[in-house]
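**Q** There's a structure below that I have some questions on.
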Amino acid sequence: MGQKQQATADPNADPKKRRRVGFSNIADAGVEAKECIKIYLVSRKEEVDSAGSFCIDPIDLSSFFDEDGKIYGYQGLKITIWVSCISFHAYADITFQSTADGGKGITDLKAALQRMFAETIIENKDDFLQTFSTETNLIRSIISSGEILKYKALNGHINNSKSHLEAANSDVEVVRMVVGSTAAGHLYSCLIPLVLLLVDGSSPIDVIDPRWELYVLIQKKPDQQGEIQCRLLGFTAVYRFFHYPESSRLRLSQILVLPPYQHKGYGRYLLEVLNDVAVSEDVYDLTVEEPLDHFQHVRTCVDIPRLLVFDPIQHAVSSAVSRMKEGKLSKKIHIPRFMPPPSVIEDVRKSLKINKKQFLKCWEVLMYLALDPVDKYMEDYVSVISKRVKDDIIGKDSGTAGKRLIEVPGDYDQEMSFVMCRSQAGEASSVQMDENETTQEEQLQQLVDERVKEIKLIAQKVSLH
């Protein structure tokens, strides 16, 4: 990494100016990392130091710095970091006007950047620039030991962008790699800095556990010399659990599409491939670890078209909507939830590998799509959604209703020492709500409004395809 102090004017150079000596009463307030650090993704050495390079927006930089996440002891600090999309090495250019201990020391920038980028950071700029030629075939070499799952020529299903894709002679493929292998472990180690910077709440997976699998999205296209180059567009990390007696469950733990390729349909494509894997390998189901709202939106948009052509649920949807149309539900004290029959939930799980929790979210969209005309029955539909949101808050049908986890002392692994018990009827829910009844109603209504808005948006997108 490059580090240099900018020259400052000498106050003694001008005889008319005199240096004033005194004590400063102003303590060093520090600077937020995000205010002085810029990170760029580059695919060619010509893009380094270029104003037009792609700047990423990290989730949080403060966690890499000590104490309160601020940088102390520098005046005019500017850190520019370049990350190669070819080798995933990084180089940091550090400039500042001066350093001084204002009471909180001087932040060790080298140590902080090592925490951020580990072994991928390169100190010498020339060495970093050389990686664009010496590491050209890195991705192709790594994925050569993987299993190609899906190959797809770019077409209308993947959005085109002149700045990043040349669709005429580009193709994408998904390669599966077992993380326990040396190649997959090395690839994921290179990606860890971007995972920590761009995936909210992420932590590195265990690169020696063979139950982890990487599904890597690769773009192949010829360079100017006609040689095929492989570029990594994104990946997802999936854990394969054992399911008694002789099956397995897939849990999607991390998914990342590199920022230059986001909003082009690649994340959706990765999900479609995972769904195909779950069905073709007849796993028990496919789950997602704590999905963020945007990912959940994409996931539901992927699952709804699959459900719309799944015959075993069509009668159940029609029946639920017909019953809902029979009366003014908003006037009733007890509103039915119009849940799908257990047999339908099981059919969906067996055939499409969609788990119960996800299917119930999709069920609300399926009911909305079946309303005809929508406006006439919207009030009743919102009443049903309101009932479900309220039940979810108190834990009903959430999959953990009435259950509590109690830690117990033991000589074994502390994280494995617990007792699961079922609460008695009437015990308080673990979900905290405001004690004020009026505020509770406002919070509930806000949740309902947000859910209905999301359902309408998904329905609109699905209807356009």
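The values are calculated or read from the model by the stated rules, or taken from the named source; none is laboratory data. Everything numeric here is computed off the predicted structure, so don't read it as measured data. Here the Cβ is made from the backbone with ideal geometry for all residues, glycine too, and neighbour counts use every protein chain on show. Each accessible area value is taken on the protein alone, full model and side chains, heavy atoms only, with ligands, DNA and RNA left out. Shrake-Rupley method; radii C 1.70, N 1.55, O 1.52, S 1.80 Å.
**Q** Hey, among ALA153, ALA112, which residue is among the small types (Gly, Ala, Ser) and at pLDDT 90 or above?
**A** Going through ALA153, ALA112 in turn, just one is among the small types (Gly, Ala, Ser) and at pLDDT 90 or above: ALA112.
**Q** Let me ask another. Output the residues belonging to segment 188-215 that are of a type in the set (A, V, I, L, M, F, W, C) and part of a helix (DSSP H, G or I).
**A** Answer for segment 188-215, where residues must be of a type in the set (A, V, I, L, M, F, W, C) and part of a helix (DSSP H, G or I): CYS190, LEU191, ILE192, LEU194, VAL195, LEU196, LEU197, LEU198.
**Q** Let me ask something else. LYS361: modelled with pLDDT of 80 or more, touching a Pro at 6+ places or on another chain (Cβ under 9 Å) and open to solvent by 60 Å² or more (accessible area, probe 1.4 Å), yes or no?
**A** no
**Q** Mind checking which residues of segment 289-324 are open to solvent by less than 70 Å² (accessible area, probe 1.4 Å) and part of a loop (DSSP other than H, G, I, E, B)?
**A** PRO291, PHE310
**Q** From the residues in segment 335-366 that are in contact with a Ser or Thr (Cβ under 7 Å, 6 or more places away or on another chain) and among the hydrophobic types (A, V, I, L, M, F, W, C), which one is nearest to SER383 (Cα to Cα)?
**A** ILE335
**Q** Next up: Go through (1) surrounded by fewer than 19 Cβ atoms within 10 Å (Cβ to Cβ); (2) not in a helix (DSSP H, G or I) one by one and return the number of the condition SER141 breaks.
**A** With (1) surrounded by fewer than 19 Cβ atoms within 10 Å (Cβ to Cβ); (2) not in a helix (DSSP H, G or I) applied to SER141, the lone miss is (2).
**Q** Does GLN97 satisfy being open to solvent by 40 Å² or more (accessible area, probe 1.4 Å), free of Cβ contacts under 8 Å to residues at least 12 places away in the same chain and out of contact with any His (no Cβ under 7 Å at 6 or more places or on another chain)? Outline the logic, then answer.
**A** Values: open to solvent by 40 Å² or more (accessible area, probe 1.4 Å): yes; free of Cβ contacts under 8 Å to residues at least 12 places away in the same chain: no; out of contact with any His (no Cβ under 7 Å at 6 or more places or on another chain): yes.
No, not satisfied.
**Q** Could you look through segment 53-67, keep only residues that are within 27 Å of PRO260 (Cα to Cα) and in a loop (DSSP other than H, G, I, E, B), and pick out the one that is most open to solvent (accessible area, probe 1.4 Å)?
**A** ASP57
**Q** Is segment 42-52 home to any residue that is within 22 Å of VAL199 (Cα to Cα), in a strand (DSSP E or B), touching a residue at least 40 places away in the same chain (Cβ under 8 Å) and open to solvent by less than 20 Å² (accessible area, probe 1.4 Å)?
**A** Yes, there is a match, as at least one residue in segment 42-52 is within 22 Å of VAL199 (Cα to Cα), in a strand (DSSP E or B), touching a residue at least 40 places away in the same chain (Cβ under 8 Å) and open to solvent by less than 20 Å² (accessible area, probe 1.4 Å).
**Q** Could you count how many residues in segment 266-283 are among the charged types (D, E, K, R) and farther than 15 Å from VAL174 by Cα?
**A** 2
**Q** Given the conditions (1) open to solvent by less than 70 Å² (accessible area, probe 1.4 Å); (2) out of contact with any Phe, Trp or Tyr (no Cβ under 7 Å at 6 or more places or on another chain), and given that GLU35 satisfies all but one, which numbered condition is not satisfied?
**A** Evaluating GLU35 over (1) open to solvent by less than 70 Å² (accessible area, probe 1.4 Å); (2) out of contact with any Phe, Trp or Tyr (no Cβ under 7 Å at 6 or more places or on another chain) leaves (1) as the failure.
Residues are listed down the side, and each one gets a yes or a no for (1) in a strand (DSSP E or B); (2) open to solvent by less than 20 Å² (accessible area, probe 1.4 Å):
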{"site": "ILE218", "(1), (2)": "yes, yes"}
{"site": "GLY226", "(1), (2)": "no, no"}
{"site": "THR236", "(1), (2)": "yes, yes"}
{"site": "ARG240", "(1), (2)": "yes, no"}
{"site": "PRO245", "(1), (2)": "no, no"}
{"site": "ARG249", "(1), (2)": "yes, no"}
{"site": "LEU252", "(1), (2)": "yes, yes"}
{"site": "ILE255", "(1), (2)": "yes, no"}
{"site": "LEU271", "(1), (2)": "no, yes"}
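**Q** Among all residue pairs at least 6 apart or on different chains, which show Cβ distances below 7 Å where the first residue, located in segment 251-278, is without any contact (Cβ under 8 Å) to a residue 24 or more places away in the chain and farther than 15 Å from PHE54 by Cβ and the second is assigned to a loop (DSSP other than H, G, I, E, B) and open to solvent by less than 20 Å² (accessible area, probe 1.4 Å)?
**A** Pairs found: none.
**Q** Give the residues of segment 277-288 that are outside any loop (DSSP other than H, G, I, E, B) and under 13 Å from VAL238 (Cβ atoms), sorted by residue number. Outline the logic, then answer.
**A** Restricting attention to segment 277-288, the residues satisfying the condition of being outside any loop (DSSP other than H, G, I, E, B) are 277-280, 286-288.
Hits for segment 277-288 are VAL277, ALA278, LEU286, THR287, VAL288.
**Q** Considering (1) in a helix (DSSP H, G or I); (2) open to solvent by less than 30 Å² (accessible area, probe 1.4 Å); (3) within 22 Å of GLN358 (Cα to Cα), say which one PRO260 fails and leave the rest.
**A** Failing condition for PRO260: (3).
**Q** Still on this structure: Would segment 432-443 turn up any residue that is open to solvent by 100 Å² or more (accessible area, probe 1.4 Å) and modelled with pLDDT under 55? Steps first, please.
**A** Pass one, segment 432-443, residues open to solvent by 100 Å² or more (accessible area, probe 1.4 Å): 432, 435, 437, 441-442.
Filter once more, so that each one left must be modelled with pLDDT under 55: 432.
Checked against the condition, which is being open to solvent by 100 Å² or more (accessible area, probe 1.4 Å) and modelled with pLDDT under 55, segment 432-443 yields at least one hit.
**Q** Please determine whether any residue of segment 68-85 is aliphatic (A, V, I, L, M), surrounded by 13 or more Cβ atoms within 10 Å (Cβ to Cβ) and in a helix (DSSP H, G or I).
**A** Step one: filter segment 68-85 for residues aliphatic (A, V, I, L, M), giving 71, 77, 79, 81, 83.
Next cut, surrounded by 13 or more Cβ atoms within 10 Å (Cβ to Cβ) only: 71, 77, 79, 81, 83.
With the extra rule that they be in a helix (DSSP H, G or I), the set shrinks to none.
Checking segment 68-85: not a single residue is aliphatic (A, V, I, L, M), surrounded by 13 or more Cβ atoms within 10 Å (Cβ to Cβ) and in a helix (DSSP H, G or I).
**Q** MET116 versus (1) buried (at least 22 other Cβ atoms within 10 Å of the Cβ); (2) in contact with an Asp or Glu (Cβ under 9 Å, 6 or more places away or on another chain); (3) part of a helix (DSSP H, G or I): which is the lone unmet condition?
**A** (2)
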